[in-house]
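Since the structure comes first, as structure tokens, the remarks are kept for the end.
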Amino acid sequence: MKKIWQHSFRAYIKLGLFFYFKKIRVVDAKHIPKGKPVLFLSNHQNALLDVLLIATKCGRFSYFLTRASVFKNPLISKLLKSFNMMPVYRIRDGWNTIMNNNSIFDSCTDLLHQNESVFIFPEGSHNLNRTVRTLSKGFTRIVFDTLEKYPETDLQLVPIGLNFANAEKFVDSSSIYFGEPIAAKSFVTGDRNKDIVNLKHTIQSKILKLTTHIPTENYKETLQKLDALQVDYLNPKAVNTCIANNFEDCKQKPKTSLNWLRAILKGLLILNVLPPYLIWKFIVQPKIVEPEFTATFRFAIVITLVPLYLLIICLVLASVFTSTIGLSYFILVITLNLLAVKL
């Protein structure tokens, strides 16, 4: 029953992401090993949307390590756990909670031994800045504990680069770059402290190549120059080369003259889903404390309130007029959504 629920939910989320993003570019998913234990390691910019994107595009049902604060509500906690999400505790959650990580990491070790895949954000937190931050040691503990407890496990490490055109705005686009798998055993030399340093350095250098990385020094100035050059943030290799070459010979994203049409279509779409839009604009959005959660809550509105509202409108039209009119209106709004998002 759980598998049916997970397959159904993933299909629904995948459909929602299709209508939410202009495009989602998946690069080198062929690198993902089949039939082997995999630890996915990604940068983290866009809160739970990062999880949903990778969960629907990696081709495997993974277990996700997620910060414990989102599990506070009992109902949400039960829901998240049904999607194979497990809480990870940080110092800010209280020193008395840190010990809870022991059982979580032990579970990860056992899952990897069973050829499952586990996903973790090694930066330890999310941030909208286009910068790969210093990696924490949590993921290295999972790696070396697994190999110590189950030495025969052929654990594979897959670095991932998540990239967004503009994570806070709608409409947005994303690209997911999967790096080549790395055998975890290659990092074991017998000196665990040195092995940890080597593993962190290697994974960070891999992620740096898979996503746009703007050094923290002069970050705002560099970002402004890249924006002025209209670089394509979905192509991290080109952007990183642009920065390394002091902004010379930088590739620009394709120009378009359809912005006016997009604005009209977006306005028409908002008019057709006005109540959910107003709830988002004046009730939900003002309460968002961390900007990294903006897209996550917007997407939540898109896949819950919007379909419910459309269903009600279509049923009303069908009961007052005919089912053909109700169905026609539904098709009209879906078409409008596709044009506003994909054009």
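Descriptive notes on the structure:
- Restricting attention to the range 1-25 and to residues that are open to solvent by less than 60 Å² (accessible area, probe 1.4 Å) and not in a helix (DSSP H, G or I), the residue that is nearest to Leu157 (Cα to Cα) turns out to be Ile24.
- In a residue-by-residue description of the range 80-101, the property of being open to solvent by 50 Å² or more (accessible area, probe 1.4 Å), more than 27 Å from Phe144 (Cβ to Cβ) and part of a helix (DSSP H, G or I) applies to no position.
- Any pair with Cβ under 7 angstrom, 6 or more apart, that starts in the range 104-116 at a residue that is within 22 Å of Phe71 (Cα to Cα) and ends at one that is of a type in the set (Asp, Glu) and open to solvent by 50 Å² or more (accessible area, probe 1.4 Å): none
- Positions within the range 162-172 being polar (S, T, N, Q) and open to solvent by 10 Å² or more (accessible area, probe 1.4 Å), in sequence order: Asn166
- Among the residues of the range 299-319, those identified as out of contact with any Gly (no Cβ under 6 Å at 6 or more places or on another chain), surrounded by 15 or more Cβ atoms within 10 Å (Cβ to Cβ) and without any contact (Cβ under 8 Å) to a residue 60 or more places away in the chain are Ala300, Ile301, Leu305, Val306, Pro307, Tyr309, Leu310, Ile313.
- Pair list, Cβ < 6 Å and 6+ apart or interchain, from the range 246-275 residues that are farther than 18 Å from Thr335 by Cβ to residues that are surrounded by 13 or more Cβ atoms within 10 Å (Cβ to Cβ) and modelled with pLDDT under 85: none
- Complete set of residues in the range 332-343 that are assigned to a helix (DSSP H, G or I), open to solvent by less than 90 Å² (accessible area, probe 1.4 Å) and either touching a residue at least 60 places away in the same chain (Cβ under 8 Å) or of a type in the set (A, V, I, L, M, F, W, C) (or both): Val333, Ile334, Leu336, Asn337, Leu338, Leu339, Ala340, Val341, Lys342
- Test: residue in the range 284-298 that is hydrophobic (A, V, I, L, M, F, W, C), open to solvent by 30 Å² or more (accessible area, probe 1.4 Å) and touching a residue at least 60 places away in the same chain (Cβ under 8 Å): no
Okay, residues lined up against (1) within 29 Å of the chain's Cα centre (by Cα); (2) closer than 30 Å to Asp232 by Cα; (3) modelled with pLDDT under 95; (4) basic (Lys, Arg):
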position: Lys253; (1), (2), (3), (4): yes, yes, yes, yes
position: Tyr277; (1), (2), (3), (4): yes, yes, no, no
position: Gln285; (1), (2), (3), (4): yes, yes, no, no
position: Arg298; (1), (2), (3), (4): yes, yes, no, yes
position: Pro307; (1), (2), (3), (4): yes, no, no, no
position: Leu310; (1), (2), (3), (4): yes, no, no, no
position: Cys314; (1), (2), (3), (4): no, no, no, no
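- Just one of the listed residues (Asn240, Asn235) is open to solvent by 40 Å² or more (accessible area, probe 1.4 Å), at pLDDT 95 or above and within 27 Å of Lys23 (Cα to Cα), namely Asn235.
The values are calculated or read from the model by the stated rules, or taken from the named source; none is laboratory data. None of the values given here were measured: they were computed from a predicted structure. Every residue, glycine as well, gets a Cβ built from its backbone with ideal geometry; the counts of neighbours run over all protein chains shown. SASA here: full protein model, heavy atoms, side chains in, ligands and nucleic acids out. Shrake-Rupley method; radii C 1.70, N 1.55, O 1.52, S 1.80 Å.
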